[in-house]
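*Asks:* Would you mind keeping the following structure in view while I ask a few things?
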Amino acid sequence: MRHLFAFLILALQINVVRAVTCDFDYELTPPPSAVGLTIRDSSAGPVMIWYPAEPSTFKQVTDERETARMNMSDYFVAARFGAAFKDKPLTDRNRLLRETFNDWYSRGARQIQVTHMMVADMQARIDASRLKAHGVVIGTIDPALGERLAGHGLVVVNLQSSFLSQPKSQREAMVQLLSDSLAEWLGADTDKPRALIIQEEMSPNEIAAMAEAASAKTVIINHRLVAGNLESPIAQSVLAFQTDDTGDASKKSLRQLASKQTLTVINIPKLESALLSAAPYEACARLAFSREVYQGWHLHHRRTVIIAEILSHIEKKLKLDLDLAGTNQPNKALETEIGVTRTNKP
């Protein structure tokens with residue numbers, strides 16, 4: 001009887017975890033394509049490449065997930081160990097995750113919320129059958145955004161993500177590899193038009209160098225900038241998101257990077273810069289990455305606006321049809337509710 005009681009308690013705990021697991025696509029319109037992921041090892045570190053893929057034929061008959069399907073903990077492990085991350089001993093993977101989240105806990109994240117986030121199923125499947133892409137996105141991109149972009153027919157090459165605990169040194173080394181490696185990473189999609197997305201603190205000089213190395217036609221900045229000394233603006237159009245705490249140093253760097261004629265600034269009020277790229281991970285982000293504790297809808301609505309603006313901007317500047325519908329296209333009523341404003345200067 002005692003063993004039966006213990007089993008029932010364990011089963012109840014598992015069901016509770018499933019019930020409150022993070023849903024990164026909550027009330028968001030599904031993209032038109034399924035998502036594949038390939039991981040390439042390089043001398044600078046693992047490169048994650050998302051792409052539009054054939055839908056899965058997997059039929060779930062038990063509580064086990066599809067073998068090739070990523071969950072959030074897989075992304076953290078793959079960011080450190082590369083293509084063979086699933087072959088690493090479980091003890092090594094668990095040690096990495098413990099070390100990764102110690103800093104989150106010290107900043108206010110709760111262990112139960114991190115646990116829920118780690119077991120969340122993502123959209124990407126490892127090495128799924130690839131579909132023809134419309135365009136290419138390169139940059140510093142978190143998994144939730146990378147998957148959504150790929151679902152709209154874009155190949156997404158992620159060079160580094162501090163959210164996944166990949167260091168700045170990896171990004172700097174990756175940029176050096178772009179000219180020799182990008183054609184191999186993109187394969188048949190090498191000739192597609194390209195955009196650059198920045199979700200890290202970077203200087204205008206670094207962004208300009210990345211835009212040139214990636215042959216990007218447009219640049220999207222979803223974080224604050226740090227000081228730089230860029231002598232003249234880049235030729236590419238720039239979309240930049242700013243918040244209440246963006247700061248004068250970031251605005252000065254943005255003025256160095258882009259001219260008024262090529263710049264669009266979207267101001268997202270009542271938000272902090274640290275949450276611009278972390279907002280999809282609401283349960284943990286609002287505790288570990290912010291000074292204030294925001295309610296879930298606060299971040300979810302702002303995240304919805306940001307995603308729609310990024311997709312719409314890419315579609316327009318790269319002259320593509322990304323099949324945008326529902327929450328994936330701009331919503332003027334939601335923007336008005338939030339108080340979003342647009343300008344051509346920081």
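The values are calculated or read from the model by the stated rules, or taken from the named source; none is laboratory data. In this text the structure is predicted, and so the values were computed from the model without any measurement. Keep in mind that these areas ignore ligands, DNA and RNA; they rest on the heavy atoms of the full protein, side chains included. Shrake-Rupley method; radii C 1.70, N 1.55, O 1.52, S 1.80 Å.
*Asks:* Could you do me a favour and compute the accessible area per residue for region 224-346, 1.4 Å probe, result in Å²?
*Replies:* For region 224-346, the per-residue accessible area is 46 Å².
*Asks:* Continuing with this model, one more query. In degrees between 0 and 90, to the nearest 10, how far off the longest principal axis of the chain does helix 72-81 point, with axes built from Cα atoms?
*Replies:* Taking Cα atoms only, the helix is inclined about 70 degrees.
*Asks:* Something else now. Can you list, largest first and rounded to whole Å, the semi-axes you get for region 124-266 by taking the square root of 5 times each eigenvalue of its Cα gyration tensor?
*Replies:* On the way: eigenvalues 130, 50, 44 Å².
Semi-axes, largest first: 26, 16, 15 Å.
*Asks:* Taking the 0 to 90 degree range and rounding to the nearest ten, how far is the long axis of helix 90-106 tilted relative to the main principal axis of the chain, both from C-alpha atoms?
*Replies:* Around 60 degrees separate the two axes.
*Asks:* Here's a follow-up. Considering Cα pairs under 8 angstrom that are at least six residues apart, work out the relative contact order of the chain and quote it in whole percent.
*Replies:* 16
*Asks:* Roughly speaking, what is the centre-to-centre gap between region 79-97 and region 24-58 when only Cα atoms are used, to the nearest Å?
*Replies:* Each part's Cα centre sits 19 Å from the other's.
*Asks:* Would you compute, from DSSP H runs of 4+ residues alone, the mean residue ellipticity of the chain at 222 nm, taking -39500 (n - 2.57) per run and dividing by the full residue count, rounded to the nearest 500?
*Replies:* Mean residue ellipticity at 222 nm (helix-derived): -12500 deg cm²/dmol.
*Asks:* For region 124-266, what number of Lys pairs, 8 or more residues apart or on separate chains, have alpha-carbon atoms under 14 Å from each other?
*Replies:* On the way: Lys132/Lys192; Lys192/Lys217; Lys251/Lys260; Lys252/Lys260.
Within region 124-266, the lysine pair count is 4.
*Asks:* May I ask for the angle, rounded to the nearest 10°, between helix 168-186 and the longest principal axis of the chain, with both axes built from Cα atoms and the value confined to 0 to 90°?
*Replies:* Relative to the chain, helix 168-186 is tipped by roughly 90 degrees.
*Asks:* State the three equivalent ellipsoid semi-axes of the chain, derived from the C-alpha gyration tensor as the square roots of 5 times its eigenvalues, in descending order and whole Å.
*Replies:* In descending order the semi-axes read 32, 23, 20 Å.
*Asks:* Going by amide H atoms built from the backbone, whose H comes under 5 Å of the H on Asn71, apart from near neighbours?
*Replies:* Met122
*Asks:* Please build a GNM for the chain, connecting alpha carbons under 10 Å apart, and tell me which residue among Lys217, Lys319, Lys59 fluctuates the most.
*Replies:* The residue with the greatest mean-square fluctuation here is Lys59.
*Asks:* What aspartates and glutamates could a cross-link reach from Lys86, if we take a straight Cα to Cα line under 19 Å and drop same-chain neighbours fewer than 8 places away?
*Replies:* Asp41, Glu64, Glu66, Asp74, Glu99, Asp121, Asp127
*Asks:* Which one, Arg125, Arg95, Arg69, has the greatest fluctuation when you compute a Gaussian network model over the chain with C-alpha springs under 10 angstrom?
*Replies:* It is Arg95.
*Asks:* A further question follows. In the chain, what percentage of the DSSP-assigned beta bridges are antiparallel, given to the nearest 5?
*Replies:* Details: 18 of 45 bridges.
Percentage antiparallel, nearest 5: 40.
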